[in-house]
1. If the viscosity is 0.890 mPa s and the temperature 25 °C, what translational diffusion coefficient in µm²/s does Stokes-Einstein give for segment A:113-354 when Rh comes from Kirkwood over Cα pairs?
2. Can you work out the accessible area per residue across chain A, with the rest of the protein chains kept in place, probe 1.4 Å, in square angstrom?
3. Could you work out the mean count of beta carbons from other protein chains within 10 Å of each residue's beta carbon in B:98-108?
4. For chains A and B, what's the summed buried accessible area, probe 1.4 Å, to the nearest 100 square angstrom?
5. Find the Rg to Rh ratio for segment B:50-143, where Rh is the Kirkwood radius over alpha-carbon pairs and Rg uses the same atoms.
6. How well do other chains shield peptide B:115-122, expressed as the mean number of their Cβ atoms within 10 Å of each residue Cβ?
7. Cross-link partners among aspartates and glutamates for B:Lys121, C-alpha distance below 16 Å, same-chain residues fewer than 8 apart left out?
8. When a/c reaches 1.5 or more, the comparison of a/b and b/c decides; with that in mind, is segment B:29-74 rounded, prolate or oblate per its Cα gyration tensor?
Amino acid sequence: MANTADRVSTRGRRRSGASSLAWSILSFLVVAAITFLGLITVTFFIGRVIPIDPVLAIVGDRAPASVVAAARKQYGFDLPLWDQYLLYLTKALKGDFGNSVLSTYPVMDDIRRVLPATLELATVGTIIGLLLGIPLGVLAAVKRDSLIDQIVRVIGLVGYSVPIFWLGLMGLLVFYARLGWVEGPGRIGVAYEYSFTPITGLFLVDAILQGDWDVFRDVFRHIILPGALLGYFSMAYISRMTRSFMLNELSQEYIVAARAKGLSETRVIWGHALRNAAVPLVTVIALSYATLLEGSVLTETVFAWPGIGSYLYNSLQNADMNAVLGGTIVIGALFIALNLLSDLLYRVLDPRTRT
Amino acid sequence: MSALLTVEDLRVAFHTRTGTVDAVRGVSFELGRERLGIVGESGSGKSQTGRAIMGLTPPHAEVTARKLDFDGIDLTNISARARRDLRGDRIAMILQDPKYSLDPVMTIGRQIVESIQAHEKIGKSEASKRALAMLESVQIRDPARVYDLYPHEVSGGMGQRAMIAMMLIANPQLLIADEPTSALDVTVQLDVLRILDQLVTERGMGLIFISHDLRLVSSFCDRVIVMYAGRIVEQLKASELNQAQHPYTRGLLDCMPRLGAADRHPLPTLDRKPEWAL
Ligand SMILES: Nc1ncnc2c1ncn2[C@@H]1O[C@H](COP(=O)(O)OP(=O)(O)O)[C@@H](O)[C@H]1O
Ligand SMILES: [Mg+2]
């Protein structure tokens, strides 16, 4: 970032660097597209091999035979498997996964409603994990074997060994039931639930956009406990990895050189060592974010959080196949995008990958 | 004339899990505005001697000295802050391999600018102007281009010139060059030495030139210290090299440093990374 000011000359070289970046983006997009296609294909066959008749699932198993036959034709289930696949593929690419049996709405509409809830929670968790985990990891590496290093070790240990639902229930018991510092289950209080119209679906962002500070406070009090919980696990992972990356960087020769120049320790540690450690950290952060998304089923159950985790769980329980397959594809696409993003950031942060 | 640097009974010991390694065991010498060479095989304590003077000994090592004096400043009894102010400004160090000693994610120009800004309140454009001039004085033909390059984009010779630029930009009085050409191709070694030679002469710096190559050191320096297993075994004028007494020096002279006594010295310890084992 600070480098841009210094880039006065050598436009030509930069351009060739940019085109190699464009090339690597392109090749990654191709891989992403193939992965996505594979995902759709797999879900299609899963949808066909499970012993649930998709037509019966739609019309109900007490519908008269004529209705069943009509539905079979309407949804294309009378076509050959290959044509069905093509139909499924073109629809999926347009984001059309059919209707949910449970909600009766198009699956995509449901996902549009529940996905932001999950994303908002995972994002809050990751931000907390980053803001605490990176400084903690840096300090633990710099002051190796000190008290702070031990604390980071214990945090990591607890993060590994304590189940998330237990911590969640304990958190609710203490901070909601006993102390009343935070709100209980759900994303938003009943007082606001119907008057509040979301824009992006990320309630914190929406409240700020609308300048509605009462809603913001309420949403914040809802999200802070599950967010802090996820943040704890993210922090445990990020701090441990930051520590290990920092120890590696601090033992490098360029750190000796930086000190030999007379730089302050602050600059050596945060400006050189952490800047280098940031390269592998990007992957770790993306992984941590993905883990929070993955772990959303448990958290969302404990906190009655209306996200995609509980949506998928409910759909699965009720054999709502369109919803399950659609949700799976969307989550898969999200993971692919996350991968792409972290790969890009990696290239931005490490000049060695650009030439 | 009082000495620029006085070292008396310098000791560096590493306390490791497997016991204490005495890397430097009572080294004493004086240095004026002259060129002192330190030779010895790998592991003989040359680098640790240099780093102790810089104040860059690893934290788990213990440094003691009866006297460690730089230009009237008692380095054994000086705050970390004051020590840091000396580094890069009045005492500088060139490391062995630019591939590892330059920050891989920062442009060469910025690394030089950073070096200036560590010691001077100076505007960004002024600093980068000076960095460009410095790149020119280490005989980089296209300084504006090299300024914007990352270390991996330049050759070893170019990288080492950038390193010299970075370390000499504040005009130090003492330069410690720790095997500055050992990692370079033979063809560029001479170029880099010539540049170093010229700058040291022009600026009247004191130089400690560390190398394992006795012949190179003797052609480059006024005086030579021969180290073995953490001690000085012989000190002589470069011109009187042929009169060396010590068998170890004679061994080095015969370009056979690895025969004879060479297998007795303590081996360098492995770089352990316990954090990966977690
Ligand atoms: N970080 C360290 N930990 C333990 N021992 C070290 C460390 N660095 C150097 N040593 C020891 O100090 C001795 C001298 O090392 P050094 O000064 O680097 O030798 P050289 O003459 O090759 O520059 C070596 O034998 C090595 O075992
Ligand atoms: Mg050495």
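The values are calculated or read from the model by the stated rules, or taken from the named source; none is laboratory data. Since we're looking at a predicted model, the values are computed, not measured. Note: ideal-geometry Cβ built from the backbone for every residue, glycine included; neighbour counts use all protein chains shown. What goes into the accessible areas is simple: the full protein's heavy atoms, side chains included, and nothing from ligands, DNA or RNA. Shrake-Rupley method; radii C 1.70, N 1.55, O 1.52, S 1.80 Å.
1. Details: Rh = 19.6 Å.
Approximately 125 µm²/s, per Stokes-Einstein.
2. 51
3. 6
4. Its buried surface, counting both partners, is about 3400 Å².
5. 1.02
6. Whole-number average of other-chain Cβ neighbours for B:115-122 is 2.
7. B:Asp85, B:Asp89
8. oblate
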